[in-house]
Each structure stands twice: as structure tokens, then as C-alpha cells.
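Here's the structure we're looking at; comments come further down.
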Amino acid sequence: MTAPEAYIASIGTSLPGEPVDNEQLAKALGVNQEWVEVFIGTRTRHFARDIGTNEVRWSLADLCAQAGEKAIANAGIDPAQIDFIVLGTATPDTLMPATVNHVADQLGLDQLPTYQLQSGCAGAVQAFDLARTLVTSTGGTGLVIGGDVCSKHLDLRRDLTDAAPSELVNFVLFGDGAGAAVLTPEPIGQRVALRRVLNRLTGLGRAPGQVIEWFGVADRDSDKQAIKEDYKAIEEAVPVMAVEILWELLGELDWSVEELDYILPPQLSGRMTSLIYDRLDVPGVREISCVADTGNNGNALPFLQTERLLAEMTTGQKALAVAIESSKWIKAGFALEKI
């Protein structure tokens, strides 16, 4: 008997507001525009809050619901056919209720299981991992969502003249956004099989590459940095881990690199993504990237990449997506095949 499969029927994405370019960002933050362009290599990003007034215009739930609504519509199914929702995020709107339940409410969905996974750049892949298990074990149809509103941790009006480099980099690296996919037990819509998902913690004994603080009443006035990024450790480790993930997935699938049509590399920044792709050394494989235009919006990125992929992918083609979470060094990725 053939083992049950899970299929991506559709993708939907949501980016808040108009893109903010480096000139606008440098002016608002009082930083050097050339440094942003050369060191980060990202051209534009989107923010859920107004860069001038700091006013919040969209919540994470808003963006995730918009992406979910598009994915359901693109799949050509009735919302009532969704049997469960899984959300991966590092930046929930509130500690409670879980943001996934606000998303369900906005989508008009009730009486179904909801799951929220707290994770950084591996969260979207972890959501696919859980959803794939649920689809293949129950035969249900799931809505898989990944998104982040990173700007909630950053005061965009702050004077950054004396900011530590480990903090400053976060103001120019990140953006906001969300993505969603409808996962089905039978091939419909885009008819893309989710062949494999890799999700593995590899951080035993290693210092975190990134820390995001959660401030409560007792420490909300603390002088601790809200976000700390060891960019040098990330720059050194991520390309190596990306190569390991690529070959591990190929080995598990018994695919040769010659069979591979597309690679979706980790989306840290425009500059870092270019370095990672070069390190992967797969010149005949088409790169699908978006971070230079969208900013690093965390768990939205695999969906934004996959949306671009599906616009090009034809029957029989294969793709691998690689994602790495540097907060505690998680290897993640997934394999897709258009049938």
C-alpha cells in the first residue's frame, strides 16, 4: 500500500503597507544608508506600523488572516473544508489568547483544532511538519500559516546613534509579513507534493545566535536589549548548516542534485542569501529568493518563496527549501515535487 501523502494546493501571502526603501529607513533611524545597502543588501521591507508615527496599523493576526483567506480562495475550497489550523511565529500578538485563535475568528472558523508553534525562522517548517503529520494520519485538510511582526520589538523613532551593533542590525534586517498554505490529502489546485520535512534541533551546548526578550511587569523598564543578534556567529554557521541540510534532504529522498530544479535558500538578508547560495554550489539549480525585496519577515519567508516557486514550477519538477533558526541552531527544510 502506498504511504499517505500531503499536497500543497495553494499559497496566500500578505505584506503590510507600501515597501520602505533604504533611503526612507536610513532617514527615519538616523543611520548610514550606504551601510544598510552594502552590509545588509536588502532593498526594501514592509512594516506593520507607521515608520513615522510608530502607530500599529496591522496585527500579526490581521496579516495571517489575510494570507489565510487568499490561500483558501486560491485553493478553490470552502472555508468550512478546513479541518485544522497550524501557525508558526516568533512574535505572537499576545501571550494569551494564542494568535492562531484570533486568526480563526477573523476567518470565521470555529469548532476545529488550532495549534500555535513558538519558533523563529524554523517555525514555518515546523508548522508544515505538524500539518503534514495531521493530513497523512487523519485525511483532513489543513491551513498552515507562518508570520511575524518583528517591528513590535523595535522603536522606529529611537535615536540609534549609540546603539550596539548587535542591536542596530535588527532595525535594518527585519520586516513584517505572513504567508499561508492549504494542505490536502489529495492533489488539487497546485498539485505539489510535500515529499519530506526536516526539523531538527542541533544547538546542544551552543550559545544562541539570537535572543528576543519577553518583558513583563517586573522588567519592562529594564535596560536589556529587546533583541540581540550575534551576526558574526550567524554569518559563519548558517552557510555551513545550509549545505548540510541540502545534502541530508537529497540523501533521505534518494534524489541526485542533477534532478533538482529549484533551491529556496535561507533568507537572512540580501547579502547573506547571496553568500549562502554560492556556498551551496548548485549552479544548475534555479534560486528562488525574496528577502532583498521583502526584508527578513521570519516565518513568512518560506511561503513568500514558495509563492514565487509555484508561479514557475511545472509538472515533474523538484524543489528543496532550506531554513535555519539561529536562536538555538535548528536545521529545517522541506522537499516539493509538482505532479
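One residue is enough: does segment 276-292 have a residue meeting the conditions under 25 Å from LEU25 (Cβ atoms) and of a type in the set (Phe, Trp, Tyr)? Among the residues of segment 276-292, at least one is under 25 Å from LEU25 (Cβ atoms) and of a type in the set (Phe, Trp, Tyr), which makes the answer yes.
Summed over segment 326-339, the residues that are of a type in the set (Ser, Thr, Tyr) and in a strand (DSSP E or B) give a count of 0. Counting the residues of segment 220-277 that are over 18 Å from the mean Cα position of the chain (by Cα), basic (Lys, Arg) and buried (at least 16 other Cβ atoms within 10 Å of the Cβ) gives 1. Within segment 151-186, the residues that satisfy the criterion of being surrounded by 24 or more Cβ atoms within 10 Å (Cβ to Cβ) and small (Gly, Ala, Ser) are SER151, GLY175, GLY177, ALA178, GLY179, ALA180, ALA181. Screening ILE212 against (1) surrounded by 16 or more Cβ atoms within 10 Å (Cβ to Cβ); (2) within 19 Å of PRO265 (Cα to Cα); (3) within 20 Å of the chain's Cα centre (by Cα) leaves a single unmet condition, (2).
Only a single criterion out of (1) without any contact (Cβ under 8 Å) to a residue 60 or more places away in the chain; (2) touching a strand residue (DSSP E or B) at 6+ places or on another chain (Cβ under 6 Å); (3) of a type in the set (Lys, Arg) is not satisfied by LYS331, namely (1). Per the listing THR44, THR13, the residue uniquely touching a residue at least 60 places away in the same chain (Cβ under 8 Å) and surrounded by fewer than 23 Cβ atoms within 10 Å (Cβ to Cβ) is THR44.
State whether one or more residues within segment 298-314 are farther than 14 Å from THR13 by Cα, of a type outside the set (A, V, I, L, M, F, W, C), at pLDDT 95 or above and within 14 Å of the chain's Cα centre (by Cα). Checked against the condition, which is being farther than 14 Å from THR13 by Cα, of a type outside the set (A, V, I, L, M, F, W, C), at pLDDT 95 or above and within 14 Å of the chain's Cα centre (by Cα), segment 298-314 yields no hits at all. The strands (runs of 3 or more DSSP E) found entirely in segment 78-150 that carry 2 or more residues being buried (at least 24 other Cβ atoms within 10 Å of the Cβ) and modelled with pLDDT of 95 or more are 84-89, 142-149. Inside segment 103-134, can you point out the residues that are closer than 19 Å to ILE72 by Cβ, small (Gly, Ala, Ser) and in contact (Cβ under 8 Å) with a residue 24 or more places away in the chain? Of everything in segment 103-134, those that are closer than 19 Å to ILE72 by Cβ, small (Gly, Ala, Ser) and in contact (Cβ under 8 Å) with a residue 24 or more places away in the chain turn out to be GLY108, ALA124, ALA127, ALA131. Of the residues making up segment 290-325, those that are assigned to a loop (DSSP other than H, G, I, E, B) and over 16 Å from LEU260 (Cβ atoms) are CYS290, GLY295, ASN297, ALA311. For TYR7, the criteria (1) within 17 Å of ASP93 (Cα to Cα); (2) buried (at least 21 other Cβ atoms within 10 Å of the Cβ); (3) over 18 Å from the mean Cα position of the chain (by Cα) hold in every case but one, which is (1).
Hey, among the residues in segment 245-289 that are part of a loop (DSSP other than H, G, I, E, B) and among the hydroxyl-bearing types (Ser, Thr, Tyr), which one's nearest to ILE330 (Cα to Cα)? Applying the filter and picking the extreme gives SER269. Any residue at all in segment 126-135 that is over 16 Å from the mean Cα position of the chain (by Cα) and of a type in the set (Asp, Glu)? Scanning segment 126-135, I find no residue that is over 16 Å from the mean Cα position of the chain (by Cα) and of a type in the set (Asp, Glu), so the answer is no.
The values are calculated or read from the model by the stated rules, or taken from the named source; none is laboratory data. Treat the numbers as computed from the prediction; the structure is a model and nothing was measured. Heads up, the Cβs are rebuilt from the backbone with ideal geometry, glycines too, and the neighbour counts pull from every protein chain shown.
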